[in-house]
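Peer 1: Dumping the structure here so I can ask a few things about it.
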């Protein structure tokens with residue numbers, strides 16, 4: 001990589017500016033990082049210029065900040081100010097800094113990162129884009145794939161979970177990245193000069209310096225084999241955030257609270273080791289959702305399928321996937337569950353930490369809700385819910401109140417009380433309109449799995465995985481349930497064929513391809529007739 005040397009003595013020397021592109025999202029301090037860089041350069045004999053181009057909401061306000069640095073010469077007071085570019089030119093960027101792994105991928109895609117010139121400094125943490133979040137299936141981009149692409153696209157690739165460093169130092173990632181730039185030794189300035197630029201800012205100096213030190217240490221450390229830090233995001237189809245294989249090698253009872261000791265022992269005694277991590281998270285999830293007896297019902301359901309476990313590779317795929325999807329279906333999203341999570345103490349603590357609220361600050365949390373009539377009636381006792389669904393004036397009233405959305409301030413006494421009381425309705429959930437219906441659907445699905453498993457293990461696994469079509473609430477849930485039912489209805493038409501499992505997988509992929517169900521209908525229509 002070509003970098004201008006500091007303070008050359010003659011203006012006749014042919015030089016090019018040092019160019020830096022910073023890609024960051026809203027609230028991450030990308031503007032502060034560029035300001036620090038400009039202040040650092042100007043205080044140490046360089047011309048400096050920074051510009052920014054705002055991004056789009058799909059990436060939480062992702063912005064490209066561009067900085068150019070050019071050395072001053074002795075006795076050049078009479079020379080004109082150099083003309084510096086306001087935009088990064090593909091193939092001409094020396095240093096690329098990305099606050100998140102997808103932003104690094106975006107920089108590569110735009111041609112900012114090149115193997116003959118660019119040092120890429122990126123955090124391996126992930127913030128999911130809207131297409132990833134709204135995908136009907138698992139829409140996440142492969143993080144390791146981005147890392148591999150970055151290695152090939154850059155002259156030097158410096159990476160680490162800089163977001164975690166920022167969190168641990170209770171600062172913003174911009175300070176960590178500034179330290180990483182210093183540690184990467186890509187600018188002709190000393191560490192003391194970097195730190196002086198932070199001190200000149202005058203705000204949050206101590207925490208920023210602590211974060212700076214963390215970034216410096218990561219970037220200046222010798223290259224090591226990739227450790228998947230920051231690359232273990234929560235799957236949309238996983239009951240909990242961090243399933244660990246260590247559960248299968250330890251006593252599951254040590255990983256749950258006192259109330260679930262009997263269930264943990266049952267997992268150790270009755271289920272294959274490969275399935276235990278998912279089962280532990282499943283009992284925790286179902287117990288939180290509806291109590292200990294509900295966790296027992298969860299294990300009973302998985303035990304039905306475990307009896308047909310016949311995985312020659314020892315991965316216990318059928319039992320493990322059943323444990324995953326039964327837990328998800330039994331803890332379906334309803335208004336009680338949503339209210340419960342919105343009023344949890346840990347949520348307010350997380351928001352306060354992410355917002356870095358000080359003792360003198362006031363924090364307000366607003367919820368933007370758009371309930372439909374079905375979401376309301378599903379939570380009510382069966383008879384009352386059905387009466388409301390078929391009563392036209394009730395439907396009209398609910399629409400009038402909710403069709404434009406409802407905003408509730410959860411941090412106010414009134415708003416918190418409303419959601420808190422709604423969350424306390426958990427005892428009436430088993431008598432609600434939707435609860436009985438979902439239990440019937442779960443049992444019918446498992447009946448089908450148990451009927452298929454003795455003769456076609458692979459197909460049984462595919463039928464289990466069809467549950468990932470059933471998710472969310474309102475229209476999203478209705479669309480998913482429609483697709484799930486359509487596949488279950490045609491299952492018998494190809495169930496006895498040798499490639500039944502691959503056919504089921506193809507139908508599931510088609511159902512996840514679009515919300516309208518058009519791709520699924522076309523795939524079903526193309527099935528050979530018996």
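The values are calculated or read from the model by the stated rules, or taken from the named source; none is laboratory data. Computed from a predicted model, the values in this text were never measured in an experiment. As a convention, Cβ positions derive from the backbone with ideal geometry for all residues, glycine included, and neighbour counts pool all protein chains shown.
Peer 1: Give 207, 238 a once-over and let me know the one that is in the same structural domain as residue 138 (by TED's automatic domain parsing), under 30 Å from the mean Cα position of the chain (by Cα) and either modelled with pLDDT under 80 or more than 22 Å from residue 21 (Cα to Cα) (or both).
Peer 2: Sole residue among the options that is in the same structural domain as residue 138 (by TED's automatic domain parsing), under 30 Å from the mean Cα position of the chain (by Cα) and either modelled with pLDDT under 80 or more than 22 Å from residue 21 (Cα to Cα) (or both): 207.
Peer 1: On the given criteria, is residue 367 in contact (Cβ under 8 Å) with a residue 24 or more places away in the chain and within 18 Å of residue 423 (Cα to Cα)?
Peer 2: yes
Peer 1: Separate question: Out of (1) at pLDDT below 90; (2) within 28 Å of the chain's Cα centre (by Cα); (3) assigned to a helix (DSSP H, G or I), what's the single condition that is false for residue 363?
Peer 2: Evaluating residue 363 over (1) at pLDDT below 90; (2) within 28 Å of the chain's Cα centre (by Cα); (3) assigned to a helix (DSSP H, G or I) leaves (3) as the failure.
Peer 1: Within the bounds of the stretch 391-400, is there any residue that is loosely packed, with under 15 Cβ neighbours inside 10 Å and under 20 Å from residue 341 (Cβ atoms)?
Peer 2: no
Peer 1: Can you give me the ranges of the helices (runs of 4 or more DSSP H) entirely in the stretch 426-498 with at least 3 residues that are closer than 30 Å to residue 402 by Cα, under 26 Å from the mean Cα position of the chain (by Cα) and at pLDDT below 90?
Peer 2: By residue number, 474-494.
Peer 1: Identify, from the list 415, 358, 353, the residue that is buried (at least 18 other Cβ atoms within 10 Å of the Cβ) and over 29 Å from residue 470 (Cα atoms).
Peer 2: 415
Peer 1: Among the residues of the stretch 37-44, is there at least one that is at pLDDT 90 or above and part of a strand (DSSP E or B)?
Peer 2: No - not one qualifying residue is present in the stretch 37-44.
Peer 1: Also: Looking at the stretch 84-158, what helices (runs of 4 or more DSSP H) fall wholly within it and have at least 1 residues that are at pLDDT 90 or above?
Peer 2: Filter on the stretch 84-158 gives 101-109, 143-153.
Peer 1: Given the criteria surrounded by fewer than 21 Cβ atoms within 10 Å (Cβ to Cβ) and at pLDDT below 90, does residue 296 qualify?
Peer 2: So residue 296 does not fit the description; no.
Peer 1: Residues 424, 508, 429, 441: which one is crowded, with 20+ Cβ neighbours inside 10 Å and either in contact with a helix residue (DSSP H, G or I) (Cβ under 9 Å, 6 or more places away or on another chain) or within 30 Å of residue 293 (Cβ to Cβ) (or both)?
Peer 2: None of the other options fit; the residue is 508.
Peer 1: So, in the stretch 305-334, exactly how many residues are out of contact with any helix residue (DSSP H, G or I) (no Cβ under 6 Å at 6 or more places or on another chain) and part of a helix (DSSP H, G or I)?
Peer 2: Selection size over the stretch 305-334: 1.
Peer 1: Between 154, 143, which is under 15 Å from residue 101 (Cα atoms) and in contact with a strand residue (DSSP E or B) (Cβ under 9 Å, 6 or more places away or on another chain)?
Peer 2: 154
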